[in-house]
Every structure is written in C-alpha cells, then in structure tokens.
Amino acid sequence: MATTQPNVLWIYGEDLSPDLGCYATPAVATPNIDRLAEEGTRFSNAFVTCPVCSPSRSALITGTYQTHFDAHNHRSNRNKPLRTDMNLITDCFRKAGYFTCNSPGPPYNRRGKTDFNFQRNNPFDGIDWRERADGQPFYAQINIPDTHRTFKPDPDRPINPDDVKLPPYYPDHPLIRKDWTLYLETIQLLDKKVGRILKRLDDEDLTENTIVFFISDHGRAHIRCKQFLYDGGIHIPLIVRWPNNVDASTVSNELVSGIDFMPTSLSLTGIDIPEYVQGQIFLGENATTRDAIFAARDRCDGTDDRIRCIRTKNYKLIHNYYPELPYMQFNAYKKTQYPLWTLIRILAEKDELTEAQQHFVQQPRPKEELYDLQNDPYEVNNIANDKQYQNVLNDLRNRLNTWIETTGDMGETPESNEIKSYWDNNMEKSYNKKMNDRGLSPNISNKDYIHWWEKQLL
C-alpha cells in the first residue's frame, strides 16, 4: 500500500541504554537492530531530558522540556490536562491527515504504553496501522516493554556471565554479573521483536516510504542509571532509517536531545512545527546542531529530589539541589527490583568497594559534579574542585542557570507537603505489598534479602 507522504514509526525500547551490538557492547547479539543501523544513521550522542518514564515520555511527545509545563515530578499530574497552548505530535500528524496508532508490537492487539504525565483522552486514533484508510499515511509508536524489569532469559542464546563487561562503578560479583547478563538477554528478546516489525514493513511494501526511529524512553534500570543524570540514565540508542533520504551505514556524533525527535519527525514529513516546541531539527535540509543537552530529575515515586545537568561532548556538570540527601534514598522500586541496591550496602560495610563503587553510597552528596567525559566516560572522578577546570565549571554553571531561567524550570517551586505525603504513603504501600507477595518481611535484613536474591538468580 503506497502513500505519497512518508510514514513515521517510532520503535521504543523501555529502560534501554545503547547496550547493543551496533554500539559495540560485548556479549549481546542484536542482529535486527544492527541491520537497522546499517541501513540508516546511528547516533552516538542521543540523550533524553529525564531518566524516568513519565516525564521523559511527556517531553518526547510534546517536543518540550518536562520542567517547562509541570510534567517533571514522576506521575504527579496524570489526571491534569495538558496546557491548552500545547499539542502532542499525534495532534500535528492527525491535522495533516495521518492515522496515528500505538501498540506494544506483535501481535498488535492492544494499546501500547503512553505513561504521559498529563491527562489526554485518545492521544492515538488506534492500535495498528492496518486500521487506517486506504492510502492514508501513518504515524505509529510501538512501545516494546521487554527491557523494563523484571528481566527474562533468552533460551535461544544464553549469555555466559563471564563474558559481560560491567561498568567500573559496579562490584564484580556473581549476583551482579547474572543480573547484568539477564538484562542483555532481555535486549536480545527485544531485538527479535524489532526483527518481526522490520519484516512486516518489508512484507507490506512499506520499508521505502517509512521513516523508522529506534529510541528508548531513558537509560537502563540499574543503580546510578535509571532516575539519575549520569549517562547510564539519560544516554539512549537512536537509529533513524529512511531509504534514499537518510544516509545509510553512517554514525553521527552530533548531540541530540529527546525533545528533538518530535520537530525532526514533523520536519522530515513537511509538517509545520508548533511555535512552543523547544526541540531542534537534527536531520534533513532544516537540520541544526547542538553544543549541549540538558536533563532534569525531580521526584520519582515517593523519593524527593531535584537534579539538573548540562552535557557537552566533552564535559558534564550535575547540580544536586539537595546535597544533604544520599544518592541511595529509600525507593521501593529500586529496593524490590535491583539486587545491587542491597548488595552494595553490604559490601560497603565490609569495606570491599573500590573508590569508583563507593561514590554512589557516599553521604552527603557534593553540590556539584563535573566530569571530563573524554578521559572519564564512566563519570567516576568528580573534578568540580580541581582548579584546572574552574573555567569549564563556571561556563557550564552559567549555561545551566540560563537554561533554567529561559525555559521556565518549574522545579524551582517545591511540591506541597500534601502531594509529598501522598506519594510517600503510596510508595510505602507498594513496597509492603511487593515484599509480602514474595513472602518476605518489609523489614528483612540486607543479609537475608541478598540470600533471597541469590536463590532467584544464581
């Protein structure tokens, strides 16, 4: 079925960093995503504006920083309507005559994840592009949930835990190797679904006229990653394929922000971009370049925080607004899903952590963290107090403050005590239920909890 206007397909991986074969990740096999990269352009410096789903997805779908329109505190405004002067990318495509749809992928029989931090009825026209009128172009999202915890093994291609490469800020422990291995095997399951999606495009003669974006809502679900502004939380894969229009077998090192996906998708299809959009176009004849990306983290679940960052190709500045609070504030999601969340405390008590691993358990936090990304890609050596880098620090500090002011960062205004109490109680109930469902006491000791984890994974 041919259309004059190009179709647009966003394939989402959840909680996914660039831990793919085409990004040179050891041990993992992702032949279908690698094929997509060979047929399109792979971006090495793509970053979302928030390391947790609902604020990040709100920014992606509107092309606007979540901090600008009160979508920055995780799931805080899901029952409040979006500002009347803003639209979703689906509104823009629908106005231009496109059919819009969303599903979790094969077999395309239910609605896919949205998780916007605002209320919007019927953001999509349907579930599957088969529902569109004859000859009508489509904008589709396929939100594949596999890489969101809990991870699952790949029986077709198990990975040897000895073959994986752990970041230096994780202890080399059998439990953590196994957890990381399962993450990579889950990526392989995701890759199989991507292969089925690409085959469907081929079978329906849609490949040549469909612009495919492969993206993620934020980084991997491990400590120091999801919900934090280190690269593990905001650095995502980005591959764009459009035969004969986007360069194939190409790697771009240009900085791209998640809020750039919307205006770029609209620009490539010739659709006007709303004036309120804060993102930039990174592909096509109207493309521009960035010299920095910005990201923000605020309350996640019942865990209060406010963190902002600016990242260039060479440096990152992170500003912790509550340095008196530890990185490892209690969080029910992490406590019940991350084995390392408990293990690292035990290893810290035994003085068995390296300096890089101790960073995340320190208390209090530094107010500012500055990293030389070329020499310290894992962000473990904070040089904010190094006189040699004071000019870099001052420049990034000024630019971050300017971004906060010019974009109207609503994180400057704290949430009410009523809202905070609601989410505290919600998180406590969630934690107690999860532990009780496992037959465990919510007050279980770290030692006993690790024994439970070892029984589950080893």
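The values are calculated or read from the model by the stated rules, or taken from the named source; none is laboratory data. Quick caveat: nothing in here was measured; it's all calculated off a predicted structure. Cβ placement follows ideal geometry from the backbone for every residue including glycine, while neighbour counts extend to all protein chains displayed. Heavy atoms of the whole protein, side chains included, go into the accessibility calculation; ligands, DNA and RNA do not. Shrake-Rupley method; radii C 1.70, N 1.55, O 1.52, S 1.80 Å.
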Report summary line: The relative contact order of the range 16-65, taking Cα pairs under 8 Å that sit 6 or more residues apart, comes to a percentage of 21
Report summary line: With the 1.4 Å probe rolled over protein heavy atoms, the range 272-424 has an accessible area per residue in Å² of 49
Report task. Among the lysines, select those whose C-alpha is under 22 Å from the C-alpha of K80, and discard any that sit fewer than 8 residues away in the same chain. Result -> K113, K420
Query raised in the report: Once amide H atoms are placed 1.01 Å from N in the peptide plane, what residues at a sequence separation of 5 or more from W10, or on another chain, have their amide H within under 5 Å of its amide H?
Result: A140, Q141, I142, F213
Report summary line: With a 1.4 angstrom probe the carbon and sulfur portion of accessible area for the chain, in percent, totals 45
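Where a ≥ b ≥ c are the square roots of the eigenvalues of the C-alpha gyration tensor, would you call the range 181-340 rounded, which needs a/c under 1.5, or, failing that, prolate if a/b is larger than b/c, or oblate? Don't skip to the answer; put the middle values down first.
Numbers: a/c = 2.44, a/b = 1.44, b/c = 1.70.
Since a/c reaches 1.5 but b/c is at least a/b, the shape of the range 181-340 is classed as oblate.
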Query raised in the report: How large is the helix-only mean residue ellipticity at 222 nm for the chain, computed as the sum of -39500 (n - 2.57) over DSSP H runs with n ≥ 4, divided by its residue count, in deg cm²/dmol to the nearest 500?
Result: -9000 deg cm²/dmol
Report summary line: Taking Cα pairs closer than 8 Å and at least 6 residues apart, the relative contact order of the chain in percent is 22
Report summary line: Counting only residues 5 or more apart in sequence or on a different chain, those whose built amide H sits under 5 Å from that of L238 are F43
Query raised in the report: From the backbone phi of the range 299-312, what are the Karplus-calculated ³J(HN,Hα) couplings (6.51 cos²θ - 1.76 cosθ + 1.60, θ = phi - 60°) in whole Hz, Gly and Pro given as x?
Result: 4, 10, 6, x, 9, 7, 6, 8, 9, 10, 8, 10, 10, 9
Report summary line: Sorted largest first, the Cα spans of the range 85-223 on the principal axes come out in Å as 54, 39, 23
Report task. Kindly report, to the nearest 10 Å², the accessible surface of V361 as traced by a 1.4 Å probe over protein heavy atoms only. Result -> 50
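Under the 0.36 nm per residue contour assumption, what length would be gained going from the current alpha-carbon distance of D85 and R399 to full extension? Walk me through the intermediate numbers first.
On the way: separation 314, 0.36 × 314 = 113.04 nm, distance 2.71 nm.
Extending this stretch completely gives an extra 110.3 nm.
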Query - Distant-in-sequence amide H partners of F99 (H built 1.01 Å from N, under 5 Å) - result: F138, Y139
Query - From phi via Karplus (6.51, -1.76, 1.60), per-residue ³J(HN,Hα) for the range 366-372 in Hz, x at Gly/Pro - result: x, 5, 10, 10, 10, 10, 8
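Please identify every one of the trypsin sites (Lys or Arg not before Pro) in the range 404-458 that sits in a loop by DSSP and has no more than 16 other beta carbons within 10 Å of its own beta carbon. Let's see the in-between values first.
Working: sites: K420, K429, K433, K434, R438, K447, K455; in loops: R438.
Hits after loop and neighbour filter: R438.
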Query raised in the report: Hey, can you list the DSSP H helices of the chain whose Cα span along the axis is 18 Å or longer and whose average Kyte-Doolittle score is at least -0.5?
Result: 174-203
Requested in this report: Mind pulling up the Rg/Rh value for the chain? Radius of gyration and Kirkwood radius, both on Cα.
Outcome: 0.95
Query raised in the report: Quick one: how many lysine pairs in the range 255-370 have C-alpha atoms under 24 angstrom apart, if they're 8 or more apart or on different chains?
Result: 5
Requested in this report: Whenever you get a sec, line up H74, H319 from highest to lowest accessible area (probe 1.4 Å, protein heavy atoms).
Outcome: H319, H74
Requested in this report: With θ set to phi - 60°, apply the Karplus curve 6.51 cos²θ - 1.76 cosθ + 1.60 along the range 234-240 and write out the HN-Hα couplings as whole Hz, x wherever there is a Gly or Pro.
Outcome: 10, 7, 10, x, 9, 10, 10
Query raised in the report: the range 195-235 to the range 360-417: how many Å between their Cα centroids?
Result: 28
Query raised in the report: In the full protein assembly as shown, how much of H235 is accessible to a 1.4 Å probe, in Å² to the nearest 10?
Result: 40
Query - Whole-number percent relative contact order across the range 94-164, with pairs defined as alpha carbons under 8 Å at least 6 apart - result: 37
Report summary line: Note: the range 54-123, point scatterers on Cα, Debye, no solvent; log10 I/I(0) at q = 0.12, 0.27 Å⁻¹ equals -0.33, -1.25
